[in-house]
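One structure is given below, encoded as structure tokens.
The values are calculated or read from the model by the stated rules, or taken from the named source; none is laboratory data. Note that the coordinates shown come from a computational prediction; the quantities given were computed from them, not determined experimentally. Virtual Cβ from ideal backbone geometry, glycine too; neighbours counted across all protein chains shown.
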Amino acid sequence: MLTYKIVKNMSVHASSPKKITTHTLQEMKQNGQKISMLTAYDYSMARIVDEAAIDVILVGDSASNVMAGHETTLPITLDQMIYHASSVVRAVQRSLVVVDMPFGSYQGNSKEALSSAIKIMKESGGHAVKMEGGQEILDSIRRILTAGIPVMGHLGLTPQSIYKFGTYVVRAKEEEEAARLIADAKALEEVGCFAIVLEKIPAELAARVAQMVQIPVIGIGAGAGVDGQVLVIHDMLGINNEFNPRFLRKYNNLHAHMLQAFQDYKADVQSGDFPNASEQY
């Protein structure tokens, strides 16, 4: 326990870094600087992401998949999101922390949406919330903004609506859906969202949207013509080795490295090699 406390209190930051804010992201878009965003769900991982100077940490409802093993993002609750978000916030010195509002916490009821957003901000210490949907959730966004809570939008493939879509295929390939997405993006900007995530839509459409709106557009499977990129950390680190969509670039193969480490540990325990003389008191 003593060793843990010493490590915990040793800052990896030589000096207090400049905090990323929603205003910072707006400046980055204006200056042509790309925005980096990754998910994180726990203290230890978020600390490393923050140290790497990633601009935005998304406490995603994808925790339902990668942390809890659910097939969809729908089962995760508001209290569970707050638990993950508070863990992340305690680790962060620089990154902007955006928290997904989970399914059922804002759809169809703007009063409940405001209550959910306030609960997230008060209990987690997060800096902003993210909501899926366009014109159908504008009333909820307006209410949340009246409380001074920044809102990030999310259009295209919206995983909380997976049962409506029925599949995870690329969205807005047809002209009608593309026009609706453009209208939704403009509506999110006009209502006061500080940024929009576009997920799994044609690159040309995403680039058009990024040029049409003044707020930052962050893509996942939306091509290079947007203002930034986001990936799920378990995917880009290769922890989920069975998930291989076209848009994903894997920066490591932690599944293989971790598997080998665990097997080596087991072998050392069984052989009596661990612990050796220098690893005991």
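Give the number of residues within the range 26-75 that are in contact with a Leu (Cβ under 7 Å, 6 or more places away or on another chain), more than 17 Å from residue 131 (Cα to Cα) and not acidic (Asp, Glu).
So the count comes out to 3.
Only residues that are in contact with a strand residue (DSSP E or B) (Cβ under 7 Å, 6 or more places away or on another chain) and polar (S, T, N, Q): list them for the range 60-111, please.
Within the range 60-111, 62, 95 meet the criteria.
Which pairs turn up if I take residues in the range 233-247 that are in the same structural domain as residue 221 (by TED's automatic domain parsing) and look for partners that are of a type in the set (Phe, Trp, Tyr) with beta carbon separation below 6 Å, at least 6 apart in sequence or on another chain?
235/243; 236/251
Look through the range 100-113, keep the residues that are over 13 Å from residue 78 (Cβ atoms) and in a helix (DSSP H, G or I), and return whichever of them is nearest to the chain's Cα centre (by Cα).
Per the stated criteria, the residue is 110.
Quick one: which helices (runs of 4 or more DSSP H) lie wholly within the range 17-81 and hold at least 3 residues that are touching a Pro at 6+ places or on another chain (Cβ under 8 Å) and either surrounded by 22 or more Cβ atoms within 10 Å (Cβ to Cβ) or assigned by TED's automatic domain parsing to the domain that holds residue 96 (or both)?
In the range 17-81, 22-30 are the helices (runs of 4 or more DSSP H) which contain 3 or more residues that are touching a Pro at 6+ places or on another chain (Cβ under 8 Å) and either surrounded by 22 or more Cβ atoms within 10 Å (Cβ to Cβ) or assigned by TED's automatic domain parsing to the domain that holds residue 96 (or both).
Could you say which residue among 87, 115, 95 is closer than 15 Å to residue 142 by Cβ, at pLDDT 95 or above, hydroxyl-bearing (Ser, Thr, Tyr) and assigned by TED's automatic domain parsing to the domain that holds residue 60?
Only one candidate qualifies: 115.
Quick one: in the range 168-205, which of the residues that are free of Cβ contacts under 8 Å to residues at least 40 places away in the same chain and hydrophobic (A, V, I, L, M, F, W, C) is surrounded by the fewest Cβ atoms within 10 Å (Cβ to Cβ)?
169
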